[in-house]
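See structure below.
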Amino acid sequence: MNHSPSFKLLEATHWRDYELLDSGDGSKLERFGKYIFSRPESQAMWSRALNLSEWQNAHALFQPSGEESGGHWEFKKKVEEKWVMQYQDLKFWA
């Protein structure tokens, strides 16, 4: 008997300004508005689907430190200090 693990994919379909672009190898690639960020995700234990050039095109990469919640952002492209994002009818600063 083959009992492959399965999971249910949950999506927030009403987001205009957020998108999970890819995940895997301990990281996730996300779009917040017009900016793309790469950051750690310990639960992403599978292989990435997008090629490396897509990941390298991110505006910023979070570099964790040895501390559990420590680290810093490494900006590769200009990112505004704040920008407007929207979820359904709610607009907010990011």
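Quick note: the coordinates plus some simple rules give every number you see, no bench work behind them. Only a predicted model underlies this, so the values are computations on that prediction, with no experimental measurement involved. Here the Cβ positions follow ideal geometry from the backbone for every residue, glycine too, while neighbour counts run over all protein chains shown.
Listing for the model above:
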| quantity | calculated |
| --- | --- |
| Local electrostatic count at Lys28 - Lys and Arg +1, Asp and Glu -1, tallied over other residues with Cβ under 15 Å | -4 |
| Cβ-based charge dipole, the chain, positive-most Cα from Ala60, Trp46, Ser23 | Ala60 |
| Leu29, Leu50, Leu21, Leu9 arranged by Cβ crowding within 10 Å, fewest neighbours leading | Leu9, Leu50, Leu21, Leu29 |
| Helix-only CD estimate at 222 nm, as mean residue ellipticity for the chain, using -39500 (n - 2.57) per DSSP H run (n ≥ 4) | -1000 deg cm²/dmol |
| Integer Hz, Karplus 6.51/-1.76/1.60 couplings in order for segment 55-67, x for Gly and Pro | 5, 6, 7, 4, 5, 8, 10, 7, 9, x, 9, x, 7 |
| Distribution of pairwise C-alpha distances over segment 18-93, 5 Å bins, in % | 3, 14, 23, 23, 18, 13, 4, 0 |
| Within segment 12-94, trypsin sites (Lys or Arg not before Pro) in DSSP loop having at most 12 other beta-carbon neighbours inside 10 Å | Arg16, Lys34, Lys77, Lys78, Lys82 |
